[in-house]
Amino acid sequence: MKTSKSLAAIFVVVASVTLILAGCGNSSKKSSNPSSKTSMQNPTADKSAKEALTSNNNLWYMNGTINYKSKTGIDAYKFNKENNTVTIYSVDKMYKTYNDAKKANDLNKQGTLTYSFKNTSSDNPVLYMKGKLSDIPMDQTVSVKDKVAGKNHEANLKVAGYKVVRDLDNDPAKQVLVTPTD
């Protein structure tokens, strides 16, 4: 009789633990549902470079590397597809959204340029930008190369974008052009 009571108690404990673990498994499956993820997805994942750059309503950050420490700020680009313009800001760090940078009062406008594509490639476009930055006429060319992704440690943001070559005043420099993905 004692043996059957002991076995029954063990059976109840095992059954309880099994039910608890099954419940935890179901809740973890629910959290990996794509509809529960943030709406900000990787813009480079399923779009051409040309489409990703101009259809994203967020800031694109151009810097030497994803975690480059600049003493003068980071160039932040905001493309406007309707009128083929790009507004360039100087910011102190990367922000998750344009509105976050605006709320932090960290959008130091440098100027607005018109842009066009110098080639027909969707995956490796060459952007030509012309206008005035800080009231000084300028033009630059940005050649898109390969995809890049990583984490900006200072802002604690995952970013994705492209390795680019920025040619400003006939001085080409390798850079990255990235936007937050989370």
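The values are calculated or read from the model by the stated rules, or taken from the named source; none is laboratory data. Treat the numbers as computed from the prediction; the structure is a model and nothing was measured. Neighbour counts run over all protein chains shown; Cβ positions are idealised from the backbone, glycine included.
Only one residue in Tyr61, Tyr68 is under 19 Å from Gly150 (Cβ atoms) and either in a loop (DSSP other than H, G, I, E, B) or acidic (Asp, Glu) (or both). Which one? Break it down into steps so the answer makes sense when it comes.
Numbers: Tyr61 fails: either in a loop (DSSP other than H, G, I, E, B) or acidic (Asp, Glu) (or both).
Exactly one residue qualifies, and that residue is Tyr68.
The set of residues from segment 71-84 being outside any strand (DSSP E or B) and in contact with a Phe, Trp or Tyr (Cβ under 7 Å, 6 or more places away or on another chain) comprises just one member, Asn84. Pairing residues of segment 123-138 that are closer than 18 Å to Tyr89 by Cα with residues that are modelled with pLDDT of 90 or more and in a loop (DSSP other than H, G, I, E, B), at Cβ distances under 8 Å and at least 6 apart in sequence or on separate chains, gives Leu127/Lys118; Tyr128/Lys118.
Against the definition (more than 20 Å from Asp46 (Cα to Cα) and either touching a helix residue (DSSP H, G or I) at 6+ places or on another chain (Cβ under 9 Å) or not assigned by TED's automatic domain parsing to the domain that holds Leu53 (or both)), how does Tyr115 come out, yes or no?
Values: more than 20 Å from Asp46 (Cα to Cα): yes; either touching a helix residue (DSSP H, G or I) at 6+ places or on another chain (Cβ under 9 Å) or not assigned by TED's automatic domain parsing to the domain that holds Leu53 (or both): yes.
For Tyr115, the condition - more than 20 Å from Asp46 (Cα to Cα) and either touching a helix residue (DSSP H, G or I) at 6+ places or on another chain (Cβ under 9 Å) or not assigned by TED's automatic domain parsing to the domain that holds Leu53 (or both) - is met.
Suppose the filter is buried (at least 20 other Cβ atoms within 10 Å of the Cβ) and of a type in the set (A, V, I, L, M); does Ala173 pass it? Here the answer is no, as Ala173 does not meet what is asked. Counting only residues that are in a loop (DSSP other than H, G, I, E, B) and either at pLDDT 95 or above or acidic (Asp, Glu) (or both), segment 125-152 holds 2 of them.
Is segment 155-171 home to any residue that is farther than 21 Å from Ala49 by Cβ, under 18 Å from the mean Cα position of the chain (by Cα) and either among the polar types (S, T, N, Q) or assigned by TED's automatic domain parsing to the domain that holds Met62 (or both)? Give the steps one after another, and end with the answer.
As a first pass, look at segment 155-171 and keep what is farther than 21 Å from Ala49 by Cβ: 155-156, 169-171.
In the following step, the residues that additionally are under 18 Å from the mean Cα position of the chain (by Cα) were identified as 155-156.
Then drop every residue that is not either among the polar types (S, T, N, Q) or assigned by TED's automatic domain parsing to the domain that holds Met62 (or both), which leaves 155-156.
There is at least one residue in segment 155-171 that is farther than 21 Å from Ala49 by Cβ, under 18 Å from the mean Cα position of the chain (by Cα) and either among the polar types (S, T, N, Q) or assigned by TED's automatic domain parsing to the domain that holds Met62 (or both).
Within segment 86-122, can you find the residues that are among the β-branched types (Val, Ile, Thr) and either touching a strand residue (DSSP E or B) at 6+ places or on another chain (Cβ under 8 Å) or crowded, with 17+ Cβ neighbours inside 10 Å (or both)?
Initial filter on segment 86-122 (among the β-branched types (Val, Ile, Thr)): 86-88, 91, 97, 112, 114, 120.
Val86, Thr87, Ile88, Val91, Thr97, Thr112, Thr114, listed by residue number.
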